[in-house]
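Remarks on the structure that follows.
The values are calculated or read from the model by the stated rules, or taken from the named source; none is laboratory data. Since the model is a prediction, treat every value here as computed from it, not as a measurement. Positions of Cβ are backbone-derived with ideal geometry, glycine not excepted, and every protein chain shown enters the neighbour counts. Just the protein is used for accessible areas: all its heavy atoms, side chains included, with ligands, DNA and RNA removed. Shrake-Rupley method; radii C 1.70, N 1.55, O 1.52, S 1.80 Å.
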Amino acid sequence: MFDLTPYNTFGLQVSSTAGYVISSKSDLRHITDADVLILGQGSDILLTEDIEGMVLIDNIKFCEISDEDDCYVVKVGGGNILDELIAKLVDLGISGLENLSAIPGTMGAAPVQNIGAYGVEIGKYIEDVECFNLISREVEHFSHEQCQFGYRTSYFKEHKEHKLFIMEVTLKLPKGFHPVLSYQGIREQEFASPKALRSKVVELRKQKLPDPKEIGNAGSFFKNPTVDAQTYQKLKARFPDLPAYPNAEGSYKLAAGWLIDRAGCRGITHGKAGTWEQQALVLVNRGGAKPHEIVALARYVRAEVQHMFDLALEPEVRIFGSHGEISWEQL
Ligand code: EPU
């Protein structure tokens, strides 16, 4: 048995039949089974039961920075902790990723979800992703276009059947400091350096989001739902203070945290699971929660939002059962 408690930030006590920590690209040559679950820090997943099978932990750590004419090219192992990389980059005065500060997770996981915060998504800076295909046992490269980045999604998330282990990510970070300051909290403020902006983002996240080292959680549990203009207008008439962000194609992104809050689910506790007091979109393990308690709470929150707004929230976290990834409907 392989204990997965340290490899899921919800801190749920689950295990798998076997597990290997992959520390170098060559370690992958010894893995002959393609029917595996690949994890980094496990910061965006919900493990609903013990895993029947092998888990591979991406722990490939290296970082090479080269100074090109107009940009820095940064090659990092999939096991590097994203936030440690950002700290290192801002210390060197290299900018681009500071809005993503303090997001838990590894570099290998970052492109899968195309993680984002405060108006920046990592995909914007990804040039190439190098994977080991566990089925064909070949190394494969994905260009920025081939990664097919979308809101919290990518080729890797849509094609999990391909069993791609992300070994290396290449980032291209333009020189100069061009901060993205469109988001509330950092808007209309001046930052002298990438380091100063990073400090502010860290402070903002600390106010709103629980640190998984102290309170088990997986960040936003649900995605912000997108609705068409007509649905938005109807909701806006009923709830004049509804926060919404217009999308380019005329639809609107709504704030799931607000919907959950308004449905009366902020700061609630069910058994040992709960929703975070400062951000209702984050489900937390209040200590010793079992997977089924998180699942029951997620179902309850979803039902309350459905009842009040007639909207179905979709999970942002990836959900795994004993035999692999499952959809909300299969739960
Ligand atoms: N709100 C409430 N009550 C709540 C929570 C939020 O009224 O309990 C309101 C806020 O006041 C705000 C709006 O809802 O008007 C949006 O909330 P917030 O600004 O906290 O951002 P979010 O849309 O909930 C997204 C990402 C976060 C990311 C932040 C910052 C998703 C699903 N979530 O949250 O990402 O950190 O923006 O950019 O896209 C994650 O993916 O795990 C994650 C934490």
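A few comments on the model shown:
- Residue pairs whose Cβ atoms lie under 8 Å apart, sitting 6 or more positions apart in sequence or on different chains, and linking a residue in region 227-246 that is in the same structural domain as Gly119 (by TED's automatic domain parsing) and under 14 Å from Leu259 (Cβ atoms) to a partner that is in a helix (DSSP H, G or I) and open to solvent by 90 Å² or more (accessible area, probe 1.4 Å), do not occur here.
- Scanning region 288-311 for residues that are open to solvent by 40 Å² or more (accessible area, probe 1.4 Å) and of a type outside the set (D, E, K, R) yields Gly288, His292, Ala296, Tyr300, Ala303, Gln306, His307, Met308.
- Restricting region 14-23 to residues that are open to solvent by 40 Å² or more (accessible area, probe 1.4 Å) and of a type in the set (S, T, N, Q), the residue that is farthest from Gly324 (Cα to Cα): Ser23
- Taken over region 75-85, the criterion of being away from the ligand (no atom under 16 Å from the Cβ) and open to solvent by less than 20 Å² (accessible area, probe 1.4 Å) is satisfied by Val76, Gly77, Gly78, Gly79, Leu85.
- Check on Pro179, within 16 Å of the ligand (Cβ to nearest atom) and outside the structural domain of Val74 (by TED's automatic domain parsing): no
- Against the test of being within 16 Å of the ligand (Cβ to nearest atom) and in a strand (DSSP E or B), the options Leu56, Leu46, Leu37 yield a single qualifying residue, Leu46.
- Those residues of region 122-143 which are open to solvent by 50 Å² or more (accessible area, probe 1.4 Å), out of contact with any strand residue (DSSP E or B) (no Cβ under 6 Å at 6 or more places or on another chain) and of a type outside the set (Val, Ile, Thr), in sequence order: Lys124, Ser136, Arg137, Glu138
- Tally, over region 313-326, of residues that are open to solvent by less than 50 Å² (accessible area, probe 1.4 Å) and closer than 18 Å to Ser220 by Cβ: 7
- Count of residues meeting criterion [over 13 Å from Ala196 (Cα atoms), in a helix (DSSP H, G or I), open to solvent by 20 Å² or more (accessible area, probe 1.4 Å) and touching a residue at least 40 places away in the same chain (Cβ under 8 Å)] in region 86-111: 0
- The residues on offer are Tyr155, Tyr118, and the sole one that is away from the ligand (no atom under 16 Å from the Cβ), under 16 Å from the mean Cα position of the chain (by Cα), open to solvent by 10 Å² or more (accessible area, probe 1.4 Å) and in contact (Cβ under 8 Å) with a residue 12 or more places away in the chain is Tyr155.
- Matching residues, region 24-74, being farther than 27 Å from Phe10 by Cβ and surrounded by 23 or more Cβ atoms within 10 Å (Cβ to Cβ): Val74
- Options Ala273, Ala256: the member that is touching a helix residue (DSSP H, G or I) at 6+ places or on another chain (Cβ under 9 Å) and more than 9 Å from the ligand (Cβ to nearest atom): Ala273
- Listing of strands (runs of 3 or more DSSP E) fully contained in region 182-273 that carry 2 or more residues being exposed (fewer than 14 other Cβ atoms within 10 Å of the Cβ): 244-246
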